[in-house]
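Novice: Take this structure first; my questions come after.
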Amino acid sequence: MADPASYRPRQGEIPTSPGVYRFIDPHGRVVYVGKAKNLRARLNSYFARPAGLPPKTYAMVHTAAQVEWTVVGSELEAIQLEYTWIKQHAPRFNIMYRDDKSYPYLAVTMNEKYPRVQVMRGDRRPGVKYFGPFHPAKAIRETVDTMLRVFPVRSCSSGVFRRAEAAGRPCLLGYIDKCSAPCVGRVSPEEHRRLAEEFCEVMSGRPGPHVRRIQAQMDEAVAELRYEDAARHRDDLEALRRVFERNAVVLSEDTEADIFAFAEDELEAAVQVFHIRQGRIRGQRGWVVEKVEETDSAGMVEQLLLQVYGSIEDAERIPREVLVPALPEDAEQIGAWLRQRRGAAVDLRVPQRGDKAALLGTVRENAEQAFALHKARRSSDLTTRSQALRELQEALDAPEPLLRVECYDISHTSGTHVVASMVVLEDGLPKKRDYRRFSLRGEAARDDTSAMHDVITRRFARHLEEQMALDTPGSAPEEEPGEERVEEAGEEAGEEPHEKAPASAENPGEDPAVDPVEDTAVDREGARFAYPPSLVVVDGGQPQVAAARAALDALGITDLPVIGLAKRLEEIWLPDDEFPLVLPRTSQALYMLQRIRDEAHRFAIAYHRSKRSREMTASALDDVPGLGPARRRAVVEHFGSVARLRRASVEEITEVPGVGEATARRILEHLAAEG
């Protein structure tokens, strides 16, 4: 890797004008293209403190061997040149919204003697009417198939048409009445063109006259007792209804817009776009891209618009409105570039309220679902999981395959209601029956490192006890106070499906909100904790890793690898290492670590919220005179929240078993005094 100082330009060499710059590797390949209002300020940010750059930018400046720039006259010119170079060089460190297909359109070739209906991509041709875009292309074919029974326009290729004309016999569509067969003279060129014009009129969103005409023909056929003709007209009406149900109106009919939304994490992003034409959703499209450069939503929107609309050969297809979740930093220049490309006004904005804002929310929901599906498919793929485990084992120099990975996270609110979670991956898949959650108090809840030390100590002390229990038939370790497990696979954190053990002499004064659960794992499945993990992952950096390592060493467990995943830069910390391990951005191992870390965080947060809610409700009644723990618990279970209890009357409170009128009044007086 090159040292950025070796190719850093001198301070006075870089102009302060707007321009576009390129980082180039030793082989002459462009690895990154960017633009700047002030080239000197932007480029200096790469070289001033390379060690402090985000990991992806750090990798980029160390991959490059030189930097070049081009001064332009305005920010708009910089946008145009940046897009041109990105398209030309496809730099590896730029976000690329790759798509191997152009937009599919429904086209009617009105420039031919016998107009033809077909699906077309690419550049627009003169004399051809286009409708769309549609996505997927199957949607167009279904629409065409339905419409042809009402307007039997030719849809065959020129070769098929000429062969049918020479043979004097129509193709199959002609025999099943989905083509008027102009090839054999069933209709004249004028009649066929009129059918094509009616087809275009309906596809343009004006079906009313044709619906009324077909309805009148059906009524006339019924009056004349021509029931077969009436049934055919009825089916034609049903076909038109199906076409317009598929393209339901969601906005006013003069609306032409593209609506974009994102769902993202640190490494990838899913993009969805809805194409609205004549107020209808004509098409939907999506991509999943790798975030190879550090950028926010505004930066992603800018790159998306440049690549999506820059690649459209026929710029007339750019709609009047482009609705996005965040405006780019250079929104005015991007808007000017879109107007220049389209040759007409383009409104680039973020919808704030109304139907368009609601539709943006729908697009965002589609992006989130597509992203979740992408991650689920990626994590469920056996080859990918095997690759991730192998990569992680090699990166850590682990002697044994990482068959079981446990991850721990701490959650609290300013040091209060401190809880921890343990989640498990076996063979790269979550094993939710082995999840655990811990409640921490006293010195253990002092800070994150103390909490991590306590949780690791409790978990692996339990592991050693269960090993001894397996060696001694008839004995089983008791449940660790403050520890809970999820009984059913797939259980969401925060729910309480299992029965809680009552307070006992062994646990005097235990808070009823976090009573321990009797762990029957030894009896049911053999020792759960006697099976040690192959790797311990903690959410955090060097301090958390050191605390976990110290806890294991104190228990005499010295052969178990421990790592920490720091969220800010997605770097891996190992005990006693001064510098972190940085995995490649495309690493399946890094993706797997992120997934287990995020799952541990979700599980801990859900338990923390549940515990905090219960304890806050209970604490409001702690100082009510004459209200002991049993009746306090009964009141909390009956009303569920302090807000509902405040609204209750004395009579309603006395419905709680064991609570009399005097106690009910004291409860209300106490709550009123607390405000």
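Novice: Using a 1.4 angstrom probe, figure out how much accessible area segment 1-107 has per residue, in square angstrom, rounded to the nearest whole. Mind dumping the intermediate values first?
Specialist: Working: 5140 Å² over 107 residues.
Roughly 48 Å² per residue, with all protein chains present.
Novice: Above 18 angstrom, tally the Cα pairs of segment 186-234 and express them as a % of all pairs, no decimals. List each step's numbers first, then the result.
Specialist: Numbers: 555 of 1176 pairs.
Counting every Cα pair in segment 186-234, those more than 18 Å apart make up 47 percent.
Novice: Also, I was wondering about something else. Can you give the local net charge around Ala664? Use residues other than it whose beta-carbon is closer than 15 angstrom to its beta-carbon, Lys and Arg +1, Asp and Glu -1. Please report the intermediate quantities before stating the final value.
Specialist: Details: positive: Arg631, Arg632, Arg644, Arg646, Arg647, Arg665, Arg666; negative: Glu651, Glu652, Glu655, Glu661, Glu669.
Net local charge, Ala664 excluded: +2.
Novice: Further question: With only alpha-carbon atoms counted, please give the Rg and Dmax of segment 531-675, in Å.
Specialist: For segment 531-675, the Cα-based Rg and Dmax read 24.3, 68 Å.
Novice: Normalized C-alpha radius of gyration of segment 1-107, against 2.2 N^0.38 Å? The partial results should precede the final answer.
Specialist: Working: Rg = 15.5 Å, N = 107, 2.2 N^0.38 = 13.0 Å.
Relative to the rule-of-thumb radius for its length, segment 1-107 sits at 1.19.
Novice: Show Arg633, Arg162 ordered by accessible area, largest first, where the area counts protein heavy atoms only and the probe is 1.4 Å. Present the calculation step by step, with values, prior to reporting the outcome.
Specialist: Numbers: Arg633 95, Arg162 145 Å².
Most to least solvent-accessible, the answer reads Arg162, Arg633.
Novice: Another question, then. Three principal axis extents, largest first, for the C-alpha atoms of segment 401-440, in Å?
Specialist: Per principal axis, max minus min of the Cα coordinates gives 38, 18, 12 Å.
Novice: Right, something else. Which three extents, in whole angstrom, do the alpha-carbon atoms of segment 138-180 cover along their principal axes, largest first?
Specialist: 32, 17, 13
Novice: Would you mind telling me the share, in percent, of accessible area of segment 267-375 contributed by carbon and sulfur at probe 1.4 angstrom? Can you show the working numbers first?
Specialist: On the way: 1800 of 4300 Å².
After summing per-atom areas, the C and S share lands at 42 percent.
Novice: Going toward the positive end of the dipole of segment 1-75, with +1 on Lys and Arg Cβ and -1 on Asp and Glu Cβ, which of Gly34, Pro54, Gly19 do you reach last?
Specialist: Of the listed residues, the answer is Pro54.
The values are calculated or read from the model by the stated rules, or taken from the named source; none is laboratory data. As the structure is a prediction and not an experimental result, all values here were calculated from the model. Every residue, glycine as well, gets a Cβ built from its backbone with ideal geometry; the counts of neighbours run over all protein chains shown. Heads up: the accessible areas ignore ligands, DNA and RNA and are worked out on the full protein's heavy atoms, side chains in. Shrake-Rupley method; radii C 1.70, N 1.55, O 1.52, S 1.80 Å.
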